[in-house]
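To start, the structure itself, in structure tokens.
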Amino acid sequence: MPDLIFRTEGVTKVYDTGEVKIYALAGVDLKLFAGEFTVLLGASGSGKSTLLNILGGLDHVTEGRVWFKELDLTQLNDRGLTWFRRDHVGFVFQFYNLVPSLTARENVQLVTDVSPDPMAPEEALELVGLGHRMDHFPAEMSGGEQQRVAIARAIAKRPEVLLCDEPTGALDSKTGIQVLEALKNINDRFGTTTVVITHNAAIQKMAHRVIHFQDGRISNVYTNDQRLPPSEIVW
Amino acid sequence: MQALDRKLLRDFRRLWAQALAIALVLACGVAIFITSFGMYRALEETRIAYYERNRFADVFSDARRAPLSLAREIETIEGVWAVETRVSGAAILDIPGRSKSAVGRILSIPTSGRFSLNVPLLRSGHVPDPETTDQVLVNEPFAQANGFQIGDVFAANLNGQKRPLTITGTVLSPEFIYTIGPGGLMPDNEGYGIIWMPEDAVAAAFDMAGAFNHVSLKLRADARAETVVSSLDNLLEPYGGLDAYDRSQQQSDAFIDAEIKQLRSTSIILPPVFFGITAFLVNMVIGRIIALERSEIGLLKAIGYSNFDICLHYLLLAGLIAVVGIVIGWGVGSWLSQSLARLYADFFNFPFLIYRVSYDAYIISGIIGVATAAVGAIRSVLNAARLAPAVAMSPPAPPKYKRNTLDHALLALRLSQPTMMIFRNLMRWPVRSALTTLGLSLAVSILVAATFFDDSLDTIVDTAFYQSNRQDAVLTFTDEMHESVLEDVRRLPGVLQAESKQYYPATLRNGHLSKRIAIESSRPNPDLSRVIDSDGRVVNPPANGIMLSDRLASELNVRAGDTIAVDFLSGRRESHKIMVAGTVTQYLGLGAYMDMDGLSALFRQKPRIGIVNVTLDENQTDNFHAALKEAPNLAGTTMMTETRQSFLDTIRQNVIIMTTIYVIVATLITVGVAYNGARIQLSERARELASLRILGFTRGEVSFILMGETMILALLAQPLGWLIGVEIARLMTNGFTSDLYTIPLILKPATFSFASLVVLSAALVATLVVRRRLDRLDLVAVMKTRE
């Protein structure tokens, strides 16, 4: 049995707008294991992004508890969560969120400068196939390239988990597949626990495990017996 | 209310802090404009009205003793409209209840009882009966300072005869709006009074029956003062006339004129600085808002709003900021100018003050304020209007960063990525960075230019009062006296040391350049009143030469070794060629110095003295004054200890007020620039900074990027601000320097560090306020929005 990375117990997240209470998460119990590639699927508002943010230490639970290995994230204050993100988590977002004033290499360096055991920025960029574009600014790159820089930035600190929120959402299928290749490559080589949120059902074919969300709850979980490589995924 | 108007008001409410920061800078400009322009107008109009109503003369001259019949001849000088002669004299006064002696200037009231020129305005009581010899009018400030009532009596030593004088009335005179007694540096209303006495009584007291020693002329509108002055000089020459002069050399008018000029230049020079900064800030803020609302603009256009509607919408937003600034500026300006006007009326002895609310000053400053905001906003507003709706609704292209030489240099420094972000952003917006730096440096320069005065005045005070003039009191005699009078002074109670001096009124000429001054002559190596050169050494003029103050030498365009013509205006009224032996630095007045023996040899007579400087035993001051009140031939006493104190007090008070005002102004500018700069950065970089937080950067590390940019610009602004400040200070010293004062440019490190400390602190506080918003940044929300 692989090591347990994340464990949640009855996680509830309520947004109180004053007039109505919106249950973004209504009691989620989940375990994620080391080296696992998990895809979270569900309609908008089903709670998958909220869960990802809570796992990544960007948001707090209303009720319930979340453990990263032995660390109880629900007990950490803002500073503790900052250090948790800094040391253990890599994020990839739909809108790449690169710093426009830094080149690809420097964007990656942002992370490697503050990490205890990073890989060289150049190595991270090679891993996502951008060894030849290192000194370009974001404005000089395509969307797919920018997203791959974001992935390089996320993995350069050798995180134990990689959390991706719609990483291909803003890309066409060709560049989207390049991005998925990069994610799979990282997962295979380093055994990084990877969680990918997507609307795109086709992507589930490359996951170890697929978790469906509906109305703030997990509605269905299944394991892929046969994973497809990204190159064979079509949408 | 239309939806767009509602949006305008809500946007304005949301932006209140930034809008207020800008509005306060604009308010400074408007308030200074209203105040200085309003004051300038008030003072100028009051002066004109006062002079006109009380027929202030245009040309004046003193003479030793001229027959009254000469007045008719003076009337025939071409261009002369009216002539008034009078007898004037000096007297030591003994005021009941005041241990110290006071000094009075005695002026005659025409026998008719009616003044034709320089008409004093009766403030209380009545004009004395022309037949009486013991009734007088006094100037109102003198009466008020001494608590005199009508009917009070004081004694005056008139030409050696002590006489009781009864006050029948108080007056104000256009001749004495600003009064400084002989030897004084500041008005001393308690110790110096102007006293009007019936002509017969004055003439009898000063032995001037059938004669006059002062004449005032009023000229026709088309007359030329210079030609009248020279004709008058010719007529008075046989009667000991001292060169005639026009209003520009009349003490009271010269001071007011200097003040009016200063107010006028303040209203022209200072406000544009504030208007410029306001325009820049409006440009920055409106530009950012339009960038943020790009898709909304696209939407509005798609719905059918015209380009004009869009332009107007954002111009109105800038206009609202301007309106707030203008209203605050009007309020503060009105309050300041009215309180200052009252202060001026007190300081200058005007009988009334014409303070008309000058609507044009309000209208002009309002128009300039609105125009400033419009100019600041117009570029961004036009860009908004030019956006095609489809383009506006798609996100803007990301800002382009490129490598340049500077970038390579920075790379070589191996800076951290956050530091690189700061520098690249500065270089990405060079104009904005430069203008921000300039704005902050102006705040620094205002402080440098305002606080250097303190050190300059210290130098003046030290040189004038502790190096040059070390006497406790100065005794001035009515006439030239034999040097033996020094022995009489030494015998007065409490006198420890006594040294003699004499002033000779003279005109110095070099070619077409000439200057009327008083040459000071003294014995070598005096201890009490010394001539000090710029290195602080005591200088003795040689027996056969004359020493000039730097300013006088430059006005006459002479150097050491040159020869100048000296026309003495008293005594034998001889002209001599005298060599300039050297020049000395001098801050108060225009000095010229000669050796007493050398001068006496030139005049072929024994040394004469008119001034005695003394040091006193503090415990015997009262006895000393009591003796002075009885002394004959004494025209005045100046207590240097009091002069020093009143000079220092006045200066200190002014310096504190000035410094406070300028610290407030500099802080407002700094906060306006730094706060808006940081807010805009936060708005532009919210995503970037949130990304960094998500990547695991701490609040402190992210704040470093946000605050670093503003603080680097604030640091860069320091040397620039110092330089600009020094230049402004230099301009100010040149502007304020007159024949009365020379302001030395003394710049000490403390001046610069104080200015930097204030501006850097204000910038730090402003950015810290913005930093607090960073803590409230919703990381998830920011990341979800597409830029």
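Considering the range B:679-699, and only residues there that are over 23 Å from residue A:116 (Cβ atoms) and of a type in the set (S, T, N, Q), the residue that is farthest from the other protein chains (Cβ to nearest Cβ) turns out to be B:683. On the basis of being in contact with an Asp or Glu (Cβ under 9 Å, 6 or more places away or on another chain) and touching a residue at least 60 places away in the same chain (Cβ under 8 Å), does residue A:32 make the cut? Considered against the rule, which asks whether it is in contact with an Asp or Glu (Cβ under 9 Å, 6 or more places away or on another chain) and touching a residue at least 60 places away in the same chain (Cβ under 8 Å), residue A:32 comes out as no. Considering each residue of the range B:362-371 in turn, none proves to be at pLDDT below 75, of a type in the set (Val, Ile, Thr), exposed (fewer than 14 other Cβ atoms within 10 Å of the Cβ) and farther than 30 Å from residue B:696 by Cβ. Summed over the range A:17-48, residues that are within 14 Å of chain B (Cβ to nearest Cβ) and buried (at least 21 other Cβ atoms within 10 Å of the Cβ) total 4.
The residues in the range B:573-603 that are closer than 20 Å to residue B:739 by Cβ, in contact (Cβ under 8 Å) with a residue 60 or more places away in the chain, among the hydrophobic types (A, V, I, L, M, F, W, C) and not in a loop (DSSP other than H, G, I, E, B) can be counted, and the count is 3.
Checking B:692, B:634, B:682 one by one, the residue that is of a type in the set (A, V, I, L, M, F, W, C), within 37 Å of the chain's Cα centre (by Cα) and not assigned by TED's automatic domain parsing to the domain that holds residue B:27 is B:634 and no other. For the residues A:104, A:43, A:24, the requirement of being in contact with a strand residue (DSSP E or B) (Cβ under 6 Å, 6 or more places away or on another chain), among the small types (Gly, Ala, Ser) and at negative phi singles out A:24. Selection over the range B:125-172 of residues that are within 36 Å of the chain's Cα centre (by Cα) and part of a loop (DSSP other than H, G, I, E, B) gives a count of 3.
Of the residues A:139, A:120, A:170, the single one that is surrounded by fewer than 21 Cβ atoms within 10 Å (Cβ to Cβ), more than 14 Å from the chain's Cα centre (by Cα) and more than 13 Å from every other protein chain (Cβ to nearest Cβ) is A:120. Cβ-Cβ contacts under 6 Å between residues 6 or more apart (or on different chains), taken from a first residue in the range B:418-430 that is within 9 Å of another protein chain (Cβ to nearest Cβ) to a second residue that is of a type in the set (S, T, N, Q), are listed as B:421/A:101; B:424/A:101; B:425/A:101. Whether any residue in the range B:663-678 is closer than 29 Å to residue B:752 by Cβ and either within 14 Å of chain A (Cβ to nearest Cβ) or modelled with pLDDT under 85 (or both) is what I want to check. No - not one qualifying residue is present in the range B:663-678. One residue alone among B:108, B:101 is hydroxyl-bearing (Ser, Thr, Tyr), over 31 Å from the mean Cα position of the chain (by Cα), modelled with pLDDT under 90 and crowded, with 23+ Cβ neighbours inside 10 Å, and that residue is B:101.
Scanning the range A:123-136 for residues that are within 14 Å of another protein chain (Cβ to nearest Cβ) and not in a helix (DSSP H, G or I) yields A:134, A:135, A:136.
Based on this model, can you work out whether residue B:215 counts as modelled with pLDDT of 90 or more and farther than 26 Å from residue B:137 by Cβ? Against the criterion (modelled with pLDDT of 90 or more and farther than 26 Å from residue B:137 by Cβ), residue B:215 does not qualify. The numbered conditions (1) of a type outside the set (Ser, Thr, Tyr); (2) in the same structural domain as residue B:465 (by TED's automatic domain parsing); (3) assigned to a loop (DSSP other than H, G, I, E, B) are all true for residue B:606 except (2). Between B:509, B:559, B:572, B:490, the distinction of being farther than 26 Å from residue B:624 by Cα, among the charged types (D, E, K, R) and more than 35 Å from the chain's Cα centre (by Cα) belongs to B:572 only. For residues in the range A:104-117 being out of contact with any Pro (no Cβ under 6 Å at 6 or more places or on another chain) and facing chain B (nearest Cβ under 9 Å), which is surrounded by the fewest Cβ atoms within 10 Å (Cβ to Cβ)? The qualifying residue surrounded by the fewest Cβ atoms within 10 Å (Cβ to Cβ) is A:113. For the range A:85-103, filtered to residues that are more than 8 Å from chain B (Cβ to nearest Cβ) and outside any loop (DSSP other than H, G, I, E, B), the residue that is farthest from the chain's Cα centre (by Cα) is A:88. In this structure, residue B:584 does not qualify as in contact with a Lys or Arg (Cβ under 9 Å, 6 or more places away or on another chain) and closer than 17 Å to residue B:467 by Cα. Cβ separations smaller than 9 Å between residues 6+ apart or across chains give the following pairs from the range B:390-415 residues that are within 13 Å of another protein chain (Cβ to nearest Cβ) and under 19 Å from residue A:139 (Cβ atoms) to residues that are in a loop (DSSP other than H, G, I, E, B) and modelled with pLDDT under 75: B:395/B:786; B:395/B:787; B:396/B:787; B:398/B:787; B:407/B:401; B:411/B:403. Is there a residue in the range A:218-226 that is buried (at least 17 other Cβ atoms within 10 Å of the Cβ) and touching a helix residue (DSSP H, G or I) at 6+ places or on another chain (Cβ under 8 Å)? No, that holds for no residue. Among the residues of the range B:576-597, the ones that are surrounded by fewer than 19 Cβ atoms within 10 Å (Cβ to Cβ) and under 22 Å from residue B:481 (Cα atoms) come to 1 in all. Filtering the range B:719-751 to residues that are small (Gly, Ala, Ser) and within 25 Å of residue B:186 (Cα to Cα) leaves B:729, B:735, B:738.
A quick yes/no check of all residues on (1) in a loop (DSSP other than H, G, I, E, B); (2) surrounded by fewer than 20 Cβ atoms within 10 Å (Cβ to Cβ); (3) at pLDDT below 85:
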| site | (1), (2), (3) |
| --- | --- |
| B:500 | no, no, no |
| B:506 | no, no, no |
| B:525 | yes, yes, no |
| B:541 | yes, no, no |
| B:548 | no, no, no |
| B:561 | yes, yes, no |
| B:564 | no, no, no |
| B:567 | no, yes, no |
| B:571 | yes, yes, yes |
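Of the strands (runs of 3 or more DSSP E) entirely within the range A:145-217, those holding at least 3 residues that are closer than 16 Å to residue A:94 by Cα occupy A:161-165, A:193-198.
Looking only at the range B:1-46, count every residue that is surrounded by 17 or more Cβ atoms within 10 Å (Cβ to Cβ) and not in a helix (DSSP H, G or I) and tell me the total. Number of matching residues: 1. Within the range B:625-642, if we keep just the residues that are out of contact with any Asp or Glu (no Cβ under 8 Å at 6 or more places or on another chain) and not in a strand (DSSP E or B), the residue that is surrounded by the most Cβ atoms within 10 Å (Cβ to Cβ) turns out to be B:625. Inclusion of residue A:76 among residues that are buried (at least 20 other Cβ atoms within 10 Å of the Cβ) and more than 8 Å from chain B (Cβ to nearest Cβ) is not warranted.
The values are calculated or read from the model by the stated rules, or taken from the named source; none is laboratory data. Here the structure is a predicted model, which is why all the values come from computation and not from measurement. For neighbour counting, all protein chains shown are included, and Cβ atoms are generated from backbone atoms with ideal geometry for every residue, glycine included.
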